[in-house]
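Let me begin by presenting the structure, written as structure tokens, before commenting on it.
No value in this document is a laboratory result; all are computed from the given coordinates. What you see is a predicted model, and the numbers here were worked out from it, not measured in a lab. We place every Cβ from the backbone using ideal geometry, glycine too, and count neighbours over all the protein chains shown.
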Amino acid sequence: MIRIGTDRIAVALVAPRGQFALMVEKELREPGVVTMRCDDHAGLQNALDDELPDIVVVDETSCPTPVGQLQAIRAQLPIAQIVHLRAGDAARCNTLIEWGADDAIDRSPAWPIRIRSVLRRARAIKSLEQTAIGDVILDHRTRQVWCSGEETRLTRLEFEVLHLLFKSAPCAVRTECIAAAVWKDRSERQQRTLVQTYVCYLRQKLASSESVALRFCKVRGYYFGPRRKADRSISIERAGVRMYANGDAG
């Protein structure tokens, strides 16, 4: 599964083929919005293998048993916005929200306005979830990281170090601060070695970045700076641990 870019909104439209589905797709046709249409709930399940949507739009005609299907979608996608279209009267809308929808829209001609409102909310939420430094993107909720548009898989400790650097940017983070946050139960000597080791792991995994590099200043600590042409990867063998430095000594 993928989710790329801070301004990209993925929408799963669950609606049978027809004029109404085309109308909804037209309203979703905004910059940065990618729509995947599914005929029914089974089609949505298959689509989830490829991408996790930020919004799920469900048409009433595709949902013969809405209580079970809405609850299943909510269980699989606890953070996604679920919008139910052509829901009928106000009582029906309230019931659908109780079953798991975030919004239920009746057959009023004003439904396109509500769709655009949902897109605005999704963008606002995503701007809080993801942070970008150059072409390195970190998703605080899913704990995913992308570098130059490609997902980069990190271990738990690698992510904790990177997350601290992102939270502190543009300020640098000293070695002892990283150690206290991630390895507070280790000795001072172990802490320094662990910080250096995991920073080098991060340098290797983020080496494809075309705009930033993880640097070190003896006075300030570790920080992200502009990538220079002279940057290069150097493999280092130290204490039986293979580490990677990216130009700067750390």
* To do: Rank TRP111, ALA91, ALA213 by how far each Cα sits towards the positive end of the charge dipole of the chain (+1 on Lys, Arg Cβ; -1 on Asp, Glu Cβ) and give me just the farthest.
  => ALA213
* Asked: Which length gain, in nm to one decimal place, applies between ILE125 and VAL219 when the Cα-Cα distance is subtracted from 0.36 nm times their residue separation?
  -> 30.2 nm
* To do: Would you list, by chain and number, the aspartates and glutamates whose Cα falls below 20 Å from the Cα of LYS218, excluding same-chain residues fewer than 8 positions away?
  => GLU176, GLU188, ASP231, ASP248
* Using θ = phi - 60° and the Karplus form 6.51 cos²θ - 1.76 cosθ + 1.60, what ³J(HN,Hα) does each residue of region 153-167 get, whole Hz, x for Gly and Pro? -> 7, 10, 6, 4, 6, 4, 5, 4, 5, 5, 4, 5, 5, 5, 5
* In order through region 142-152: 3J(HN,Hα) via Karplus (6.51 cos²θ - 1.76 cosθ + 1.60), integer Hz, x for Gly, Pro -> 8, 6, 9, 9, 10, 10, 6, x, 10, 5, 10
* Structure fact -> Candidates for Rg and Dmax of the Cα atoms in Å are [x] 20.6, 71; [y] 22.9, 70; [z] 18.1, 59, and the calculated one carries label [y]
* Whole-Hz Karplus ³J(HN,Hα) for region 175-180, in order, using 6.51 cos²θ - 1.76 cosθ + 1.60 and θ = phi - 60°, x for Gly and Pro? -> 4, 5, 6, 5, 4, 5
* To do: Give the Kirkwood hydrodynamic radius (Å, one decimal) of region 145-199, defined as one over the mean of 1/r across all pairs of different Cα atoms.
  => 11.9 Å
* **Least to most buried among ARG29, ARG203, ARG186 (fewest other Cβ within 10 Å first)** => ARG29, ARG186, ARG203
* To do: Taking the chain as the reference, fit the longest principal axis to its C-alpha atoms, fit the long axis of helix 90-99 to the helix C-alpha atoms, and give the angle between the two in degrees, 0 to 90, nearest 10.
  => 40 degrees
* Can you list the residues, at least 5 places off or on another chain, whose amide H is less than 5 Å from the amide H of THR152, using H built in the peptide plane? -> VAL145, TRP146, CYS147
* To do: Arrange the following residues from fewest to most other Cβ atoms within 10 Å of their Cβ: LEU119, LEU22, LEU138.
  => LEU22, LEU119, LEU138
* Folded to 0 to 90 degrees: helix 188-205 orientation relative to the chain principal axis, Cα -> 60 degrees
